[in-house]
Structures are given as C-alpha cells and as structure tokens.
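Worksheet: the structure to be examined is printed underneath.
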Amino acid sequence: MDSVADVNNCALSESNARMDTTDNQFEDLSSGSDDEWLGVEEEVPLTLQTLCIFCPEIFNSAELMFEHCHSQHIFDIVTYSRRMGLNCINYIKFINYVRSHTLSSSEIMEFSKNTAPWLRDKYMKPHDASDPLLTFDIESYIKKKLSERSDADDNITMPSSHFESILQKLARKEMKLQNAYDRIDRMKEAAKTVLLCPNQSSTPSHTTSNSRMSEESRSNDDDDHYFSTYDHFAIHHEMLQDDVRTLSYQEAILKNPEVFHQKKVLDVGCGTAILSMFAAKAGAAEVMGVDKSDVIFQAMDIVRENGFDPVINLFRGRVEDMPIPDAKVDVIVSEWMGYFLLFEGMLDSVIYARDKFLAPGGHMFPDRCTISLLAVCDMAKYKQYVEFWNDVYGFKMSAMKKDVIKEANVEAVSAEVACSDPVIVKELDLTYCAVEDTEFVSPFELVMTKSCKVTAIVGYFDSFFERGLKHKVLLSTSPKAKQTHWKQTMFLLPNPVEVNKGDSIACKITCRKNRRDPRSLIVKINFGESQNFYYLS
C-alpha cells in the first residue's frame with residue numbers, strides 16, 4: 001500500500017467495474033464526488049492519535065494500537081488478516097465496519113471468510129475520514145510482523161501479572177466457546193429429531209448388549225441421567241416458587257454485602273443463575289456459575305436479559321471439569337441440599353469446589369447444616385401406605401407391604417402429629433467437612449411427648465448462614481416451619497409401636513450411599529426393638 005491515492009483508486013476501480021454490470025446497485029458508493037473520495041488527505045488532516053477498535057483507549061500509532069488489541073483483547077490482526085484474506089480493499093472495509101458497529105473481539109472472531117458482513121462495497125465509504133487506520137500500510141505491517149515472528153525465539157518474556165490476565169481471559173473464552181459448541185450440539189440433535197421419519201424417531205439410539213458395562217461408563221450414565229432431570233423447567237419453577245428457599249438465599253446474600261463487594265464468587269449448580277444474580281447485585285466483581293444440565297443455556301439468556309453478563313460467566317459442565325481460574329474465589333454459594341439433606345450427593349461436588357477453588361478464610365453459603373429426627377403418630381398416613389394392601393378392591397396384597405415400607409416417603413408432615421422432641425443426629429460444617437462425613441452412624445434417644453402409637457420416624461434438615469456474617473439466616477425444613485419443596489422424609493415402621501409420654505426410646509441411625517447409585521441413600525433406623533432398612537432413590 002504505497003499511498004492513500006493508490007488504495008482509494010484501487011477501491012474505485014473495483015467499485016466502478018461492478019457498477020458497469022449492475023445498474024446503480026451500489027448507490028452509497030456513487031453518492032460522493034471524486035474530490036470527496038480522492039481528496040481525503042487534503043481536506044481532512046490526519047492525526048497519529050489512533051482509537052482502539054474495541055475500547056476507548058487512544059494510542060500514538062496504529063502499530064501500538066494493534067499490539068494493545070493483541071495483548072488485551074486477544075485479537076491478532078496479523079493472524080486474523082491471513083485467516084480472513086484481508087487485502088488492502090477488504091482491510092479498509094473491515095475497519096469501516098468495525099468502527100460503525102460496537103463489537104467485541106470475540107464477536108469479530110465468530111465471522112467466517114465467506115460470510116464477513118464488511119465484504120459489501122458500502123463499507124468502502126469511510127466511517128471516519130480522519131481515521132489513521134484507513135491510511136495504515138497493513139500489508140507492510142503484516143510482512144514485518146511475520147518476519148519478526150519467524151526470527152524470534154520460541155520463549156516470550158512478559159510480566160507475570162500480564163500473563164495471568166491473559167490466562168484468565170483465555171479461560172473465560174474457553175468457557176464461552178465450549179458453551180457455544182454445546183448449543184450447536186443441542187441444535188443438531190433437535191434437527192435430527194425433527195427430520196427423522198416417525199418410525200425412525202421411535203427407534204432406540206442403541207441396543208442393549210449382553211456385555212457388562214464398565215463401572216466408569218455406568219457412573220457416567222448415572223450422572224447424565226441425574227443432570228438430565230434438571231433439564232426440565234418444571235423443577236426449576238418449583239424451586240424458584242419455594243419462597244422459603246429462595247428468599248433465605250436472597251436475604252443471606254443481599255443483607256451481607258460486605259462479604260460480596262468486589263469479590264470473586266463461585267455458584268455450584270447454578271441452575272437458572274438466581275444465586276449468581278443475587279451475588280452480582282450484592283456487588284461481586286466476578287461470578288462464575290457452573291451447571292451440567294441444559295438449563296445453563298436459558299441461564300445465559302437470563303443473565304444477559306438482566307444486564308449481568310459483564311460480571312457473570314457461566315460454564316456448562318461438572319464443577320470437577322471447570323478450567324482452573326487465575327485466582328481462588330472468595331465465596332462459594334450453592335443450593336445443593338436434597339431430600340433428607342444428602343439425597344442426590346451434590347455435596348460431594350461442593351466439597352470438591354471448596355478444596356479446589358476457595359481461598360483461605362473464604363465463605364461458604366450455607367456454612368452449616370444439620371439433620372434431625374423425631375417420632376410421629378400419623379395413622380392416616382400409615383393406613384394410606386401400609387394398611388391399604390390388606391384389602392385392594394377385595395384382594396389381599398400383603399406381599400407389597402415389605403417393599404413399600406422400604407421406600408422412604410417425601411411428605412409434608414404436620415407438626416401436630418409429632419410425638420417426640422426432635423434430635424440432631426448429624427451436623428456438617430461446610431467449611432471443614434469431608435466427603436466421608438456424608439456417611440455416618442449416630443445413636444440417639446427420642447423422648448416421647450405424648451402417649452400414642454408411633455407410626456414413623458421423620459427426618460428434616462436445617463441450613464445456616466452464620467459464620468462471619470453480621471446478618472445470620474436460618475433455612476429450616478422442620479414440620480414446625482413453613483413448608484418447602486423438600487417437605488420432610490418419612491420412614492414408616494412395619495407395625496405401630498405403642499409408647500407412653502415421657503418414655504425415652506434408644507435409637508440408632510446408619511446412613512450411607514447406595515453403592516449401585518451413589519446419588520441415592522440407604523438408611524437403617526433402630527427404634528427400640530424395631531430395626532428397618534430404607535431406600536431414598
């Protein structure tokens with residue numbers, strides 16, 4: 001590019017040639033006179049002050065500006081020009097297009113060579129006639145840089161803070177790129193479903209073989225099934241409508257803003273990103289949300305819709321697969337609790353995130369949880385679940401009783417049916433506990449508050465937001481508290497046990513994960529002489 005006149009003459013020749021074959025197709029190019037196009041240097045004095053194409057920073061030369069784009073915006077004009085085939089004409093169109101649209105470097109990188117929007121001739125008309133980039137000798141600059149790179153040593157020296165900043169930006173770009181790939185995969189699968197013939201769509205995607213799956217593949221399948229349950233919007237609707245749950249987190253976060261102000265936050269199992277947005281609203285400098293289910297794609301739209309995308313970055317996947325951030329986080333928030341607290345096994349992932357990502361002295365939200373048990377006398381529920389099998393439309397089905405009793409029921413239990421004081425059988429300090437602590441044996445005693453027949457043992461949990469907080473919050477699922485979507489967990493006894501007021505019944509609970517399905521639980525409860533096994537699955 002020897003001069004401005006050469007470049008602009010080249011542009012006019014290309015444009016005029018097209019206009020000869022297409023009558024007045026490009027009116028925007030023909031609207032100006034030759035003086036307007038060829039006299040740019042004379043009419044508008046050029047300045048060396050060059051505005052960045054992505055941000056408000058100004059530089060004394062185009063070279064410095066492009067170096068800034070390379071280091072701060074991860075945009076290399078040399079590599080990009082070669083990839084997109086930017087000759088002298090297309091380069092000018094590219095600059096005019098970028099100047100007339102407010103785009104990030106990541107958005108620019110998404111264009112392909114054949115679909116670049118600046119290929120239209122209207123972008124030969126300067127967006128700003130005084131822009132030094134329009135007269136910059138891009139071809140010579142590219143040749144110079146390629147020569148320098150070929151002669152340079154493989155090792156590059158830069159300040160550590162600069163290097164860490166680049167790593168952080170690369171990690172964010174990697175998250176966004178992976179999320180984009182995931183969206184594309186979803187669209188491909190949806191397209192296949194639509195295009196398949198009816199008989200094909202009903203055909204299973206794979207057949208069952210007689211060979212035994214490996215433990216790893218079975219585990220992956222279990223995980224996929226677990227996370228797929230959160231693809232359905234109804235479950236998120238139910239959780240968000242649970243105002244005890246959601247308002248407890250909102251209160252704990254927004255009423256402790258000093259914990260979040262200018263801090264880094266990790267939201268494990270972010271779902272619709274409601275907790276991430278609470279954290280951003282409380283003043284967090286950066287929030288990373290991670291979720292394996294497909295609801296993460298709606299969460300991205302929700303975050304953008306509410307204007308939090310500069311602060312919140314979402315990652316689709318397991319927290320165990322997240323890229324390592326440039327620095328530890330200051331706060332981990334997570335709504336990980338399942339039925340009977342430990343059902344679903346999500347606490348394992350929260351503990352992993354704590355050990356891997358939380359800075360020393362960082363905060364866990366919640367920071368403590370307890371499991372409590374009490375005895376109930378609820379003959380209505382006992383008849384519904386147990387005695388029902390004595391007479392089923394005139395037939396006896398007592399063989400069903402044993403298996404029905406083994407299945408723990410999630411029920412809304414009335415405080416009126418309680419016949420003992422509650423006892424805490426397990427406490428978990430989320431700042432220090434280990435995965436092994438989620439399996440436990442606990443002896444305890446229940447003191448009867450009335451004379452009756454005990455029909456079941458009921459479990460519930462409490463979550464506390466209190467360590468280091470000025471404003472403390474309790475989220476309770478007790479029968480005495482307002483009902484939540486967790487309700488309570490009812491362990492029915494095979495036969496009602498008669499007790500008197502004041503009796504102290506020796507009990508013991510054993511809780512462990514189901515080895516065949518680690519997200520479900522096996523619970524053994526001893527109540528006096530009665531000993532029974534239960535499954536939460």
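The values are calculated or read from the model by the stated rules, or taken from the named source; none is laboratory data. Note that the coordinates shown come from a computational prediction; the quantities given were computed from them, not determined experimentally. Counting neighbours? That spans all protein chains shown, and the Cβs are built from the backbone with ideal geometry, glycine included.
Assorted remarks:
- Extreme residue, surrounded by the most Cβ atoms within 10 Å (Cβ to Cβ), among residues of region 482-496 that are in contact with a helix residue (DSSP H, G or I) (Cβ under 7 Å, 6 or more places away or on another chain) and within 12 Å of Phe527 (Cα to Cα): Leu492
- Selection count where residues are touching a helix residue (DSSP H, G or I) at 6+ places or on another chain (Cβ under 8 Å), of a type in the set (Gly, Ala, Ser), assigned to a helix (DSSP H, G or I) and closer than 28 Å to Met490 by Cβ, scope region 344-382: 1
- Test result for Val311, of a type in the set (A, V, I, L, M, F, W, C) and crowded, with 23+ Cβ neighbours inside 10 Å: no
- Only one of Phe66, Phe136, Phe75 that is in contact with a Cys (Cβ under 6 Å, 6 or more places away or on another chain) and not hydroxyl-bearing (Ser, Thr, Tyr): Phe75
Every residue, every condition in (1) crowded, with 16+ Cβ neighbours inside 10 Å; (2) modelled with pLDDT under 50, yes or no:
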{"position": "Glu43", "(1), (2)": "no, yes"}
{"position": "Leu48", "(1), (2)": "no, no"}
{"position": "Phe54", "(1), (2)": "yes, no"}
{"position": "Ile58", "(1), (2)": "no, no"}
{"position": "Ala62", "(1), (2)": "yes, no"}
{"position": "Phe66", "(1), (2)": "yes, no"}
{"position": "Leu86", "(1), (2)": "yes, no"}
{"position": "Ile95", "(1), (2)": "yes, no"}
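- Flag: Asn526 does not match the condition of being under 24 Å from Lys383 (Cβ atoms) and of a type in the set (S, T, N, Q).
- For region 270-292, a tally of residues being surrounded by fewer than 24 Cβ atoms within 10 Å (Cβ to Cβ) and outside any strand (DSSP E or B) returns 9.
- When residues in region 473-491 are screened for being farther than 10 Å from Tyr460 by Cβ and either outside any strand (DSSP E or B) or aromatic (Phe, Trp, Tyr) (or both), 4 of them pass.
- Considering residues of region 509-537 that are over 39 Å from the mean Cα position of the chain (by Cα) and part of a strand (DSSP E or B) only, the residue surrounded by the most Cβ atoms within 10 Å (Cβ to Cβ): Phe527
- The criterion of at least 2 residues that are over 19 Å from Tyr535 (Cα atoms) is met, among strands (runs of 3 or more DSSP E) falling completely within region 383-452, by 423-429, 440-447.
- Filtering region 393-410 to residues that are exposed (fewer than 11 other Cβ atoms within 10 Å of the Cβ) and aliphatic (A, V, I, L, M) leaves only Ala399.
- Selection count where residues are aliphatic (A, V, I, L, M), under 21 Å from Met124 (Cα atoms) and not in a loop (DSSP other than H, G, I, E, B), scope region 45-77: 3
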